[in-house]
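*Asks:* Mind looking over this structure? Questions follow.
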Amino acid sequence: MTGTMSGRLAVVGSGPGDRRYLTPEADAALASAQALYGYGPYLDRVPERAGQSRYPSDNREEGARAEAALRHAAQGASVAVVSGGDPGVFAMAAAICEAIESGPESWRALDVSFVPGITAMLAVAARIGAPLGHDFCALSLSDNLKPWALVERRLDAAASAGFVIALYNPVSRARPWQFGKAVERLRRHLPQSTPVVFGRAVGRPDERVSVIALDAAAAAKADMATLVIVGTRETRIIARPGRSPLVYTPRAVAEANA
Ligand code: SAH
């Protein structure tokens, strides 16, 4: 390692789990890094390579992790920061940008790149049909970084505007009640029969995908590894003999107030 600004930092999305979801570009970025930073369980899924050092950290330490990775790259190293799914979706890419903006001027001279990955909502949608087949949005239910009142305002706006809603971070140990409250909020705007897709640990051995109606959704099991997709008035379920149902949102909407 030299003291020059020859360092590189790649923010890499590893996809939802299994290696088959890792893009060749992400694989190459991970293989060529001298140092890997990331949340421990995500790092554990990256194959060990000789001569590569690893710096696992806790889930909630994104800011500190971003700064540590940037400092390391600024010493001349080739560093990769790993995010599950896509790094730009509720993950490390924005944390790295925040650190660069508030950090030393020299960090702006670094070669920084962002390598996309398959985000959880796309992996879950692909398991069950085409729930995101028309206009959709994504929300994180975590109120660690924003007030809960804002989450509720966005749920109201999204549901009343007819968006399919992908919910990231529905629950965690520190946030047991948010998901139930969110469902209660959505029930004000949507028919009780609106399909809700629960995709848990998609792309991993313990994957589980199910669909239930909105009126039963609050009681359904969601955890930290679950991505929830709430349909619209148009979202449909196609029952199939001997096969799991298809859930889809048609491409066209006739009514302006749908
Ligand atoms: N950057 C990640 C999201 C990080 S936020 C991505 O693009 O997917 C963490 C949340 O993502 C989890 O609480 C869960 O809602 C969702 N998630 C991540 N991996 C998942 C998986 N394999 N299956 C289902 N949901 C997942």
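*Asks:* Compute the convex hull volume of the Cα atoms of segment 75-222, divide it by the residue count, and report the result per residue in Å³ as a whole number. Kindly include the intermediate steps, with their values, before the conclusion.
*Replies:* Values: hull volume 22.1 nm³, N = 148.
Spread over its residues, the Cα hull of segment 75-222 gives 149 Å³ apiece.
*Asks:* Per DSSP H run of at least 4 residues, take -39500 (n - 2.57); add these up for the chain, divide by its residues and hand me the 222 nm value, nearest 500 deg cm²/dmol.
*Replies:* Numbers: 8 runs with 73 residues, N = 258.
It comes out at -8000 deg cm²/dmol, rounded to the nearest 500.
*Asks:* Relative to the longest principal axis of the C-alpha atoms of the chain, give the angle of the C-alpha long axis of helix 148-160, reported between 0 and 90° and rounded to the nearest 10°.
*Replies:* 50 degrees
*Asks:* Separate question: Can you give me the % of accessible surface on segment 68-178 that is carbon or sulfur? Probe 1.4 Å, all protein chains present, nothing else counted.
*Replies:* Details: 2690 of 4800 Å².
It is 56 percent, rounded to a whole number.
*Asks:* Moving to a separate point now. How much area per residue is accessible in the chain when the probe is 1.4 Å and only protein heavy atoms are counted (Å²)? Please report the intermediate quantities before stating the final value.
*Replies:* Values: 12810 Å² over 258 residues.
Ligands and nucleic acids excluded, the result is 50 Å² per residue.
*Asks:* Continuing with the same structure: With just the Cα atoms defining each centre, how far is segment 199-253 from segment 56-110? Give it in Å.
*Replies:* One Cα centre to the other: 34 Å.
*Asks:* Once the principal axes of the Cα atoms of segment 113-185 are found, what is the range along each, listed largest first in whole angstroms?
*Replies:* For segment 113-185, the Cα extents along the three principal axes come out at 32, 29, 24 Å.
*Asks:* Pop out the ³J(HN,Hα) list for segment 64-80 in order, Karplus 6.51 cos²θ - 1.76 cosθ + 1.60 with θ = phi - 60°, rounded to Hz; leave Gly and Pro as x.
*Replies:* 5, 5, 4, 5, 4, 5, 5, 4, 5, 5, 5, 7, x, 7, 9, 10, 10
*Asks:* Please report, in whole Å, how far the alpha carbons of the chain spread along each principal axis, starting with the longest.
*Replies:* Largest first, the chain extends 61, 42, 35 Å along its Cα principal axes.
*Asks:* For segment 178-241, what is the convex hull volume of the alpha-carbon atoms per residue, in Å³?
*Replies:* Working: hull volume 6.0 nm³, N = 64.
Enclosed volume per residue, from the Cα hull, is 93 Å³.
*Asks:* Now for a different question. Based on the Cα atoms of segment 1-108, what semi-axes does the equivalent ellipsoid have, where each is the square root of 5 times one gyration tensor eigenvalue, given in whole Å with the largest first? Walk me through the numbers on the way to the answer.
*Replies:* Numbers: eigenvalues 87, 52, 27 Å².
Semi-axis lengths for segment 1-108 are 21, 16, 12 Å.
*Asks:* Ignoring ligands, DNA and RNA, how do ARG185, ARG49, ARG236, ARG251 rank by accessible area with a 1.4 Å probe, largest first? Write out the running numbers ahead of the final one.
*Replies:* Numbers: ARG185 45, ARG49 65, ARG236 130, ARG251 210 Å².
My answer, sorted largest first, is ARG251, ARG236, ARG49, ARG185.
*Asks:* In units of 2.2 N^0.38 Å, what is the alpha-carbon radius of gyration of segment 35-87? Display every interim value, and only then the final one.
*Replies:* Values: Rg = 10.6 Å, N = 53, 2.2 N^0.38 = 9.9 Å.
Expressed relative to 2.2 N^0.38 Å, the Cα Rg reads 1.06.
The values are calculated or read from the model by the stated rules, or taken from the named source; none is laboratory data. Since we're looking at a predicted model, the values are computed, not measured. Surface accessibility is based on the protein's heavy atoms, side chains included, excluding ligands, DNA and RNA. Shrake-Rupley method; radii C 1.70, N 1.55, O 1.52, S 1.80 Å.
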